[in-house]
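Worksheet: one structure, shown below.
Derivation of every value follows stated rules applied to the coordinates shown; laboratory data play no part. Everything numeric in this text was worked out from a predicted model, so none of it was measured. In this analysis, Cβ positions are derived from the backbone assuming ideal geometry, glycine residues included, and neighbour counts consider all displayed protein chains.
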Amino acid sequence: MFHIGDCVVFTRDGARGIVLEVDDHSCHVLWEDYFVSWEKKELLKVDKELTKKQTIRVSSNISHPLS
């Protein structure tokens, strides 16, 4: 199962990307070269380790309105 934010690998060439949207048969992916495309789910593999390592980094001098 694919989720928004998953890191994926395109099985045909090893390209890496991040899932932006998911529908019944495909995923909208932002690739490492900043190209965006819809790909069939069967051509993608979730990279669980890379997905776990993802973090959002912000400068320490930025305050969030909810914090």
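Annotations
- For segment 7-53, the relative contact order comes to 37 percent (Cα pairs under 8 Å, sequence separation of at least 6).
- Projecting the Cα positions of His25, Leu43, Cys7 onto the charge dipole of segment 7-53 (unit charges on Cβ atoms of Lys, Arg, Asp and Glu, taken about the Cα centre) puts Cys7 furthest along the positive direction.
- Applying a DSSP loop filter and a limit of 11 other Cβ atoms within 10 Å to the chymotrypsin sites (Phe, Trp or Tyr not before Pro) in segment 15-49 leaves Tyr34, Phe35.
- Within the same chain, aspartates and glutamates fewer than 8 places from Lys45 are excluded, and of the rest, those with a Cα less than 14 Å from its Cα are Asp6, Asp13.
- Evaluated with a Cβ-only charge set (Lys, Arg +1; Asp, Glu -1), segment 7-53 carries a dipole of roughly 240 debye about its Cα centre, given to the nearest 20.
- Tensor-based shape of segment 7-53 (alpha-carbon gyration tensor, a/c under 1.5 rounded, otherwise prolate or oblate): rounded
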